[in-house]
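*Asks:* The structure's right below; bear with me while I get my questions together.
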Amino acid sequence: IAVARAVRPVVVDGRLDEWSSDGFFRTRRDEAAVGAGEWIEGRMMHDERHLYVAARVGDPTPMRNCVNPQLDPRLIWHGGGLQLFLSVDRDMGWPAEAAHPRYFQERGLVAGLADVQKAENPKLMSLFMWHHAASGKDRLAITRRIACDDVEIDPQGARGVFVKAADGKGYTLEYAIPWAVLGADDDPPRSGDTLAVAWDLHLSDETGRLWRDQIIDIRNPAEPRGIFLFERAATWGRAEFR
């Protein structure tokens, strides 16, 4: 994905007026197999202070996430939302080399000291953006480090909004996340960098509590499909900062 340079201030309102078509991608599920109406159009931008994420989503059961992030924040994806796996480590570049301990355990392998150190890199993270129907709030959760399951909810300074589609069959989301929130304010990504990112749209059932399926894009095609995005950062695709 091309991460465009923001050329004017971004108003986080879900309108996407400030966004160009640079880096635009569209992915949808197999309509012959599951029916129409499930798709995602995604874009990313950046400037000196922020990472920007925007998407239009087709979802027949939109914005119904009722999972309580205080009870078990690791399960909020069950209720639907957008998950980004992201590296902001400029020195690492692409592909991102780190794996969760589970990756080694399930393959009967032993992680070496270098593997353990890579998995503890705080600049490899997962971002989860969702509308919490129970509270009516638009939320952000961050898990830092491949090896860590701790989740930070609603970090101060990040802004995001979900707007339901007029036909009730999808939504638009728009987020502005400071590099300081992502731990990269001392050396933020800049034009010319190639880092790692992967997009994972989660879809829930009508209750907003049970995960139903997902749409994955921006993935490293050299990595086997059987490896989960959260297991191995090398599965994440290329983010080319313009």
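Readers should treat all values here as calculations from the given coordinates under stated rules, not as data from a laboratory. Values in this document were obtained by computation on a predicted structure and should not be read as measured data. Virtual Cβ from ideal backbone geometry, glycine too; neighbours counted across all protein chains shown.
*Asks:* Under a 5 Å amide H to amide H cut-off, with H placed in plane at 1.01 Å, what residues pair with Arg219 once short-range neighbours are removed?
*Replies:* The list, which skips near neighbours in sequence, is Gly237.
*Asks:* May I pose another question? Sort out for me the Cα centre separation of the stretch 56-113 from the stretch 115-189, rounded to whole Å.
*Replies:* 11 Å
*Asks:* Next up: Can you list the lysines whose alpha carbon is less than 27 Å from that of Lys164, not counting same-chain residues fewer than 8 positions off?
*Replies:* Straight-distance partners of Lys164: Lys137.
*Asks:* Something else: Need the full-extension length gain, Asp205 to Asp91, defined as separation in residues times 0.36 nm minus the C-alpha distance. One decimal, nm.
*Replies:* Details: separation 114, 0.36 × 114 = 41.04 nm, distance 4.06 nm.
Stretched out fully, the Asp205 to Asp91 stretch lengthens by 37.0 nm.
*Asks:* Find, among the GluC sites (Glu not before Pro) in the stretch 1-94, those assigned to loop by DSSP (not H, G, I, E, B) with at most 11 other beta-carbon atoms within 10 angstrom.
*Replies:* Numbers: sites: Glu18, Glu31, Glu38, Glu41, Glu48; in loops: Glu18, Glu38, Glu48.
Of the GluC sites (Glu not before Pro), the ones in loops of the stretch 1-94 whose Cβ has at most 11 other Cβ atoms within 10 Å are Glu48.
*Asks:* Taking +1 at the Cβ of each Lys and Arg and -1 at the Cβ of each Asp and Glu, which of Gln70, Gln83, Val116 sits farthest along the dipole of the stretch 34-167 towards its positive end, judged by Cα position relative to the Cα centre?
*Replies:* Of the listed residues, the answer is Gln70.
*Asks:* OK, next. Apply the Karplus parameterisation 6.51 cos²θ - 1.76 cosθ + 1.60, with θ equal to phi minus 60°, to every residue of the stretch 232-242 and state each ³J(HN,Hα) to the nearest whole Hz, in sequence, with x for glycine and proline.
*Replies:* Result, rounded to whole Hz: 8, 5, 5, 6, 6, x, 8, 10, 9, 7, 8.
*Asks:* Another question about this same structure. So what are the three principal axis dimensions of the chain from its Cα atoms, in whole Å, longest to shortest?
*Replies:* Here the spans come out as 52, 41, 37 Å, largest first.
*Asks:* How large is ³J(HN,Hα), in whole Hz, for each residue of the stretch 196-213 in order, when computed from phi with the Karplus curve 6.51 cos²θ - 1.76 cosθ + 1.60 and θ = phi - 60°, using x for Gly and Pro?
*Replies:* Running phi through 6.51 cos²θ - 1.76 cosθ + 1.60 with θ = phi - 60° gives 10, 7, 9, 10, 9, 8, 9, 10, 10, 7, 5, 6, x, 10, 10, 5, 10, 5 Hz.
*Asks:* How long is the stretch 19-138 along each principal axis, judged by its Cα atoms, biggest number first, in Å?
*Replies:* 46, 36, 35
*Asks:* Under the Karplus relation 6.51 cos²θ - 1.76 cosθ + 1.60, θ = phi - 60°, what is the ordered set of whole-Hz ³J(HN,Hα) values for the stretch 37-45, x standing for Gly and Pro?
*Replies:* Each residue of the stretch 37-45 in turn: x, 10, 7, 9, 10, x, 8, 9, 9 Hz.
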